1. In nm, give the distance between the simple-model label positions of Val146 and Lys404, each being 7 Å from the Cα along the Cα-to-Cβ direction.
2. Net charge around Gly129, counting only other residues with Cβ within less than 15 Å of its Cβ (Lys, Arg = +1; Asp, Glu = -1)?
3. Spelling out what I want: for every residue of the range 310-318, take phi, set θ = phi - 60°, compute 6.51 cos²θ - 1.76 cosθ + 1.60 (Karplus), and round to whole Hz; glycine and proline get x.
4. Averaging sequence separations of C-alpha pairs under 8 Å and six or more residues apart, then dividing by the length of the range 90-180, give the relative contact order as a whole percent.
5. Residue-wise, which Karplus ³J(HN,Hα) couplings in Hz belong to the range 51-61, taking 6.51 cos²θ - 1.76 cosθ + 1.60, θ = phi - 60°, and x for glycine or proline?
6. I want to verify the translational diffusion coefficient of the range 90-180 in µm²/s; compute it with Stokes-Einstein, Rh as the Kirkwood radius over Cα pairs, at 37 °C and 0.692 mPa s.
7. Output wanted: per-residue J couplings in Hz (rounded whole) for the range 253-258, from phi through Karplus 6.51 cos²θ - 1.76 cosθ + 1.60, θ = phi - 60°, x for Gly and Pro.
8. Based only on Cα atoms, what mean projected area does the convex hull of the range 24-135 have, in nm²?
Amino acid sequence: MFVFLTELLNRRVVTPSGLSLGKVWDFKIQLGELFPQVCAVCIKKFTDRQARILDWQEVESLSGNVLKVREPPPSLLPTLEIKEQEILLREEILDKQVVDTLGAKIERVNDIHLLMTDGELRVVHVDVGIRGIFRRLGWGKWVDAVTNWLFSYQIPQKLISWKYVQPLAEDPVRQTLKLNVSQRKISDINPSDLADILEELDHQKRQAVFGTLELESAADALEEVVPRMQTTLLENLKREQVADLLEEMAPDEAVDLLSRLSDDKQVRILEEIAREKREILEKLLIHPEGKAGSIMTTEFVTLDQNLTVAEALEKIRKDFSDLEVVYYLYVVDQEKHLLGVASLRNLLLADPNSTLEQLMYRAIKKVKVSDSKKRVLNLFRKYDFVVVPVVDKENVVRGIITLKDAIQAALPEFKKKR
């Protein structure tokens, strides 16, 4: 038997002999299962200031408009105690915001769908549609009759399976618990969608959700939110935590964020960053705004011209496995001067014993660190590139600029459309 929470609230709780114990005020569930089970009923009388607890094992049936308990009449616990991984449906879910991790968006819960089976009452869906509102107002049957008569149409249910729901508790102390118990972690959501979710939440919930994310997910989401929100999300974090996030972010994104902080904050945060990453960020920070050096990233692959294809592939596996994307392989001499470029496809199809010098493409289009963003964008427009290398005065590769970074630099609204 399926039933909605709002249809159960305020039902009388009675014994088989007809003795009234009060009315249903709320239900307590135990989290951890795919479809969590109701473990207790919260009961209130008109004269009670606080709800009392009835163990679900004492419930015999849901019949008519009453909830019937077993004989002999059970003893009710006088205080409402909420343990770890327990939540109240009416108090903490109904009318609250939840994250729909399947649709990757914020929804408001208008009702909760429950299933009564084998003596157990389990949460199976949350209702986020307008039918839930009409049902609570007592208009459900009337609205269905009118829409059927006028349009031969009935407003559909909009239910989200509980396994895709992550509650957002009002209490920030219990917030972390609530966000970590769902079956599908919020960390699994695409960073861009997660950024949308963070931007929808109020300040308190946004900080709480962000604080529960794993380091990698938090860094990815931080790269996607609007700039003003980036600094807001970092406000309540310690310097060490901010440093950890910056270390996880792409260098160009980390530098963009650092550049919006005061010089004093920059210095203090950089002190907490591991030396290797700190040196990379400090080199990027010296490039003036509006120049190619200010939008480049230092995550690229350089290989010596004398390496064989087999040796080059082994070096990529050994030294560059941390790179998320490898666009091109830049071939250099012993002084790191840029000589040519090759793709992974070239290497995979080439003779393993041939050298990169024999394989590379020499007519390279490149920009200098001091070139303007406009020149960078024109180069992409003219040659339909995905990425271009950035060199210094000595023709040493200092970074790369992707098409996405070039467009975002020229058109900031492209990056943050919201």
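1. In this crude spin-label approximation the distance works out to 4.8 nm.
2. Summing Lys/Arg as +1 and Asp/Glu as -1 gives 0.
3. 4, 5, 5, 4, 5, 5, 4, 5, 7
4. Here the relative contact order equals 30 percent.
5. 5, 10, 9, 10, 4, 4, 4, 7, 7, 9, 6
6. This corresponds to a translational diffusion coefficient of 226 µm²/s.
7. Once rounded to whole Hz, the list reads 5, 5, 5, 4, 5, 4.
8. Taking a quarter of the hull surface, the average projection is 8.4 nm².
Only the coordinates and a few stated rules stand behind these numbers; no lab work does. Predicted model only: the values in this text are computed from it and were never measured. Quick reminder, even Gly has a Cβ in these numbers, built from the backbone with ideal geometry, and neighbours come from all protein chains shown.
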